[in-house]
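Read through the structure below, which is laid out as structure tokens, and then see the notes.
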Amino acid sequence: MMTLTDKAVDVIRDVCKGEFEGLRIMVQKGCSGFSYNMGLEAAAAEDDQVLEFNDIKVFVDPGSALWLVGATMDYVDNSSMGSGFVFDNPNTPPPESKGGCSCSVKSCG
């Protein structure tokens, strides 16, 4: 499945502060590659894969799990670029070329 750096685990732990059981990661494939959505959750859904990193849980739905195999999530704190989670994902597809995707045709996603 995926891995988290120590820094990412520390940040998730600080954000959850015992109020949430874990972090949900969702992956959507679109014209320009993947987009990642995250949210704090009180519990896993019935069909989630539950990944444990020390005392941190990450919940991943079955569709997103396919795209996260071999991925690494890190947290960067760069004052010039801001801070946040970043993904190194070997499964990221190349961007569509030659107008292969058009939001006006409802095919973006």
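The values are calculated or read from the model by the stated rules, or taken from the named source; none is laboratory data. Because the structure is a prediction, the values reported are computed rather than measured. Virtual Cβ from ideal backbone geometry, glycine too; neighbours counted across all protein chains shown.
Which one is farthest from D6 (Cα to Cα), of the residues in region 42-56 that are over 14 Å from the mean Cα position of the chain (by Cα) and in a strand (DSSP E or B)? Of everything passing the filter in region 42-56, E52 is farthest from D6 (Cα to Cα).
What's the total number of residues in region 61-109 that are among the polar types (S, T, N, Q), at pLDDT 90 or above and closer than 18 Å to V11 by Cα? Final tally of qualifying residues: 1. Annotation note: of D14, D47, the sole residue that is at pLDDT below 95 and acidic (D, E) is D14.
Checking each residue in region 38-85 for being among the hydroxyl-bearing types (S, T, Y) and exposed (fewer than 13 other Cβ atoms within 10 Å of the Cβ) picks out S79, S80, S83. Across region 1-40, the number of residues qualifying as under 14 Å from the mean Cα position of the chain (by Cα) and assigned to a strand (DSSP E or B) comes to 18.
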